[in-house]
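The values are calculated or read from the model by the stated rules, or taken from the named source; none is laboratory data. If you're wondering where the values come from, they're calculated on a predicted model, not measured in any experiment. For neighbour counting, all protein chains shown are included, and Cβ atoms are generated from backbone atoms with ideal geometry for every residue, glycine included. Protein only, heavy atoms only, side chains kept; ligands, DNA and RNA dropped before computing areas. Shrake-Rupley method; radii C 1.70, N 1.55, O 1.52, S 1.80 Å.
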Amino acid sequence: MTITITAFEKSPDGGKGLARDTRVRWALEEVGQPYEVLPLPFPALKESTHLCRNPFGQIPTYEEGDLCLFESGAIVFHLAERHPGLLPEDANARSRAIMWMFAALNSVEPAILEIVTVKFVEGDKPWTKERMPLVFDRIRHRFRQLSPRLDAAEWLDGEFSAGDLLMVSVLLRSRPSGILDEFPNLAAYVARGEARPAYQRAFAAQLAQAMGKHAAV
Ligand code: GTB
């Protein structure tokens, strides 16, 4: 059955791979599943056809036969459950990998997303200048807590898993601010993720699309 995901027709990041379709593409590449992309212009996100896929009118979504999913974490989890390569066989190790998926999305990503909120959503507000340092401090706090985990380990818990895929994807979003480089072991962890052939293929595909070289379905 063909897998079709949605992505921005033109990602606002110009192909830096920061939009959330990249993590889904990466998971698809890790588990060796071919996929097609339905590129959507911004207005189409809020039209009824897409709201049937995702009531919040966002990308990415995932369609495979009569299954339609939204939420990048749920899509990565679906792929990790259905195909070998992203979750360990051992039951306890599997639960820990899933725990790291939640940790990436619930304990680390929200702090990083605040940068976008302060910069772009509240950028014209009088408190922006005072709030930004507080946002950075909260990210540093999280990074200080996460960092010892990766002092001597290549990945969060044994072999590379869906937990690492999501954690690396989330950390990548903090890199443009410069804060990731304050934590050399986290920056090295992200670089290990980026060096994986599956990530490289996913990155190249989203870049090709941002450059208008991707064939629409
Ligand atoms: N929780 C959902 C998930 O994980 O799937 C969040 C999905 C989401 O935020 N989607 C964004 C979207 O569709 C794109 S990824 N936004 C359009 C809208 O809400 O109308 C977020 C994103 C956007 C842009 C950049 N960038 O330019 O760097 C990075 C990330």
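Testing Val116 on (1) within 20 Å of Ser11 (Cα to Cα); (2) modelled with pLDDT of 95 or more; (3) open to solvent by 50 Å² or more (accessible area, probe 1.4 Å); (4) not acidic (Asp, Glu), one condition comes back false. Which one is that?
Answer for Val116: the failing condition is (2).
Starting from segment 84-101, take each residue that is small (Gly, Ala, Ser) and list its partners that are at pLDDT below 95, counting only C-beta distances under 6 angstrom and pairs at least six apart or across chains.
Within 6 Å, no pair qualifies.
What is the one condition in (1) closer than 30 Å to Arg144 by Cβ; (2) not assigned by TED's automatic domain parsing to the domain that holds Asp137 that Pro110 does not satisfy?
In the conditions (1) closer than 30 Å to Arg144 by Cβ; (2) not assigned by TED's automatic domain parsing to the domain that holds Asp137, Pro110 misses (2) alone.
Taking the conditions exactly as written (touching a residue at least 60 places away in the same chain (Cβ under 8 Å), over 16 Å from the mean Cα position of the chain (by Cα), under 26 Å from Thr6 (Cα atoms) and open to solvent by 10 Å² or more (accessible area, probe 1.4 Å)), does Ala205 satisfy them or not? Quick ask: steps written out before the conclusion?
On the way: touching a residue at least 60 places away in the same chain (Cβ under 8 Å): yes; over 16 Å from the mean Cα position of the chain (by Cα): no; under 26 Å from Thr6 (Cα atoms): yes; open to solvent by 10 Å² or more (accessible area, probe 1.4 Å): yes.
No: the conditions fail for Ala205.
Tally the residues that are more than 12 Å from the ligand (Cβ to nearest atom) and farther than 15 Å from Gly193 by Cβ, restricting the search to segment 3-46.
Going through segment 3-46 one residue at a time, the tally reaches 12.
Got at least one residue in segment 14-32 being of a type outside the set (Val, Ile, Thr), farther than 22 Å from Gly73 by Cβ and touching a residue at least 60 places away in the same chain (Cβ under 8 Å)?
Restricting attention to segment 14-32, the residues satisfying the condition of being of a type outside the set (Val, Ile, Thr) are 14-21, 23, 25-30, 32.
Then drop every residue that is not farther than 22 Å from Gly73 by Cβ, which leaves 14-15.
Subsequent filtering for residues that are touching a residue at least 60 places away in the same chain (Cβ under 8 Å) retains 14-15.
Yes.
Within segment 148-161, can one find any residue that is within 16 Å of the ligand (Cβ to nearest atom), under 16 Å from the mean Cα position of the chain (by Cα) and hydrophobic (A, V, I, L, M, F, W, C)? Even if it seems obvious, please write down each step before you answer.
Filtering segment 148-161 for residues within 16 Å of the ligand (Cβ to nearest atom) gives none.
Scanning segment 148-161, I find no residue that is within 16 Å of the ligand (Cβ to nearest atom), under 16 Å from the mean Cα position of the chain (by Cα) and hydrophobic (A, V, I, L, M, F, W, C), so the answer is no.
Considering only segment 130-144, I want to know if a residue exists there that is more than 24 Å from Asp181 (Cα to Cα) and open to solvent by 70 Å² or more (accessible area, probe 1.4 Å). Let's see the steps before the verdict.
Filtering segment 130-144 down to residues more than 24 Å from Asp181 (Cα to Cα) leaves none.
No - not one qualifying residue is present in segment 130-144.
Considering (1) away from the ligand (no atom under 12 Å from the Cβ); (2) aromatic (Phe, Trp, Tyr); (3) buried (at least 20 other Cβ atoms within 10 Å of the Cβ), say which one Phe102 fails and leave the rest.
Among (1) away from the ligand (no atom under 12 Å from the Cβ); (2) aromatic (Phe, Trp, Tyr); (3) buried (at least 20 other Cβ atoms within 10 Å of the Cβ), Phe102 violates only (3).
Go through segment 146-193 and give me each residue that's surrounded by 15 or more Cβ atoms within 10 Å (Cβ to Cβ), acidic (Asp, Glu) and more than 17 Å from Ala111 (Cβ to Cβ).
Asp157, Asp164
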